[in-house]
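Encoded as structure tokens, the structure appears first; notes follow it.
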């Protein structure tokens with residue numbers, strides 16, 4: 001998702017559509033930063049994953065939307081009540097093209113297969 005200045009005003013409507021559909025907001029760190037800024041939610045700190053998870057949980061609670069977040073150092077999920085966090089496995093990166101799409105595809109398959117957040 002590319003979120004230009006002119007699209008900031010559309011973010012609240014997008015979140016409402018996701019909430020009304022009982023959908024899940026699946027995004028990367030950059031997309032998350034853009035969305036929280038667009039709705040004037042305090043930007044997530046970059047200092048520690050632990051603080052980011054607390055903010056993710058707060059964001060999910062306040063928006064009423066479950067969120068799947070994939071970042072460089074971790075992957076996290078929250079529905080506003082619970083949260084799950086896993087550090088990213090260290091691998092030799094050969095190419096980043098399609099990495100986010102691959103993550104989203106695996107995330108969708110996990111939901112379709114009925115896996116819980118830890119699985």
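Computed from the coordinates by the stated procedures, all read-outs in this text should not be read as laboratory data. Values in this document were obtained by computation on a predicted structure and should not be read as measured data. Cβ: placed from backbone, ideal geometry, glycine included. Neighbour counts: every protein chain shown.
With the alpha-carbon atoms of the stretch 5-112 aligned to their principal axes, the span from lowest to highest coordinate is 39, 30, 28 Å, starting with the largest.
Short-range pairs are left out: with C-alpha atoms under 8 Å and at least six residues apart, the relative contact order of the chain is 20 percent.
By the beta-carbon count within 10 Å of each Cβ, the least crowded to most crowded order of 36, 67, fewest first, is 36, 67.
Across 28, 13, 79, mean-square fluctuation computed from a Gaussian network of the chain (C-alpha pairs under 10 Å connected) peaks at 13. Put in order of Cβ neighbour count within 10 Å, fewest first, the listed residues 112, 69 become 112, 69. Put in line by how crowded their Cβ is, counting other Cβ atoms within 10 Å and starting with the fewest, 18, 35 read 18, 35.
Report, in deg cm²/dmol and to the nearest 500, the calculated mean residue ellipticity at 222 nm for the chain, where each DSSP H run with n ≥ 4 adds -39500 (n - 2.57) and the sum is divided by the residue count.
Working: 4 runs with 49 residues, N = 119.
Value at 222 nm, helices only: -13000 deg cm²/dmol.
Distance between the 7 Å Cα→Cβ label points at residue 95 and residue 73: 2.9 nm.
Roughly speaking, what is the stretch gain from residue 22 to residue 39, that is 0.36 nm per residue apart minus the C-alpha to C-alpha distance, in nm to one decimal? All intermediate terms of the calculation are to be shown ahead of the outcome.
On the way: separation 17, 0.36 × 17 = 6.12 nm, distance 1.95 nm.
Gain on stretching residue 22 to residue 39: 4.2 nm.
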